[in-house]
1. Evaluate the following for I97: is it of a type in the set (V, I, T) and within 30 Å of E131 (Cα to Cα)?
2. Which of the residues belonging to the stretch 88-103 are within 18 Å of the chain's Cα centre (by Cα) and surrounded by 13 or more Cβ atoms within 10 Å (Cβ to Cβ)?
3. Farther than 23 Å from G31 by Cα and either at pLDDT 90 or above or of a type in the set (K, R) (or both): does that describe T147?
4. Taking the stretch 73-87 only, how many residues are open to solvent by 10 Å² or more (accessible area, probe 1.4 Å) and either touching a residue at least 12 places away in the same chain (Cβ under 8 Å) or among the aliphatic types (A, V, I, L, M) (or both)?
5. Mind listing whichever residues of the stretch 104-122 are of a type outside the set (G, A, S) and either in contact (Cβ under 8 Å) with a residue 40 or more places away in the chain or surrounded by 24 or more Cβ atoms within 10 Å (Cβ to Cβ) (or both)?
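The values are calculated or read from the model by the stated rules, or taken from the named source; none is laboratory data. Computed from a predicted structure; not experimentally measured. No Cβ is skipped: glycine too gets one built from the backbone with ideal geometry, and neighbour counts run over all protein chains shown. We work out accessible area using only protein heavy atoms, side chains counted, and drop any ligands, DNA or RNA first. Shrake-Rupley method; radii C 1.70, N 1.55, O 1.52, S 1.80 Å.
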Amino acid sequence: LSHSLQNDYSFVLEIDRSERTGLCMLLLAEGGRLKSRSTHTLAQNSAFSEALEKGFLSLPRGARERFEHDELLESLNIEAVMALPLTGARGRMLGLIGVLSTKPMENQAMARQTLQIFGARAAVEIERKQEAERLRSEQQRLHGDFTVMRATAERERKRYEEDIAAEQELLAVTLRSI
């Protein structure tokens, strides 16, 4: 993405599915190579929070000045930001995709169209990944339930065997006394 748009960085920000923690997973690529994968706190008055709130963010210049408390923009010396929300098939907000540049951004129309194309694919991949995580979690839960049921069944089987053995002993004693 950063190669296609000739920007320094590209990113995908995935919102936490539970939406309780305020944490996101941030994938940041520099020059077309993954630079970092990290947990990111979605801070108020940041470029990311504004893009999520407004539905799109395009700042061809002056991004650090506009979001002076945005640590990511400051640490990367970012001048320009373009971010597009990623929505799932059912309209659920999944995150953001975008580019960051240390120079003013040119040709914003092409950048937005490119983000829309890449964003559609990224949204599908995020949904696929989240569904795989949900299925894995459900499988672990079911495995745990099965383990508990197996242990319960084994205890019950042993208890029935003990009951039958006791009844057989009682029957044997009764028959000997007759």
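1. For I97, the condition - of a type in the set (V, I, T) and within 30 Å of E131 (Cα to Cα) - is met.
2. G88, R92, M93, L94, G95, L96, I97, G98
3. yes
4. Summing the residues that are open to solvent by 10 Å² or more (accessible area, probe 1.4 Å) and either touching a residue at least 12 places away in the same chain (Cβ under 8 Å) or among the aliphatic types (A, V, I, L, M) (or both) in the stretch 73-87 gives 6.
5. Listed by number, the residues that qualify are P104, M105, E106, Q108, M110, R112, T114, L115, F118.
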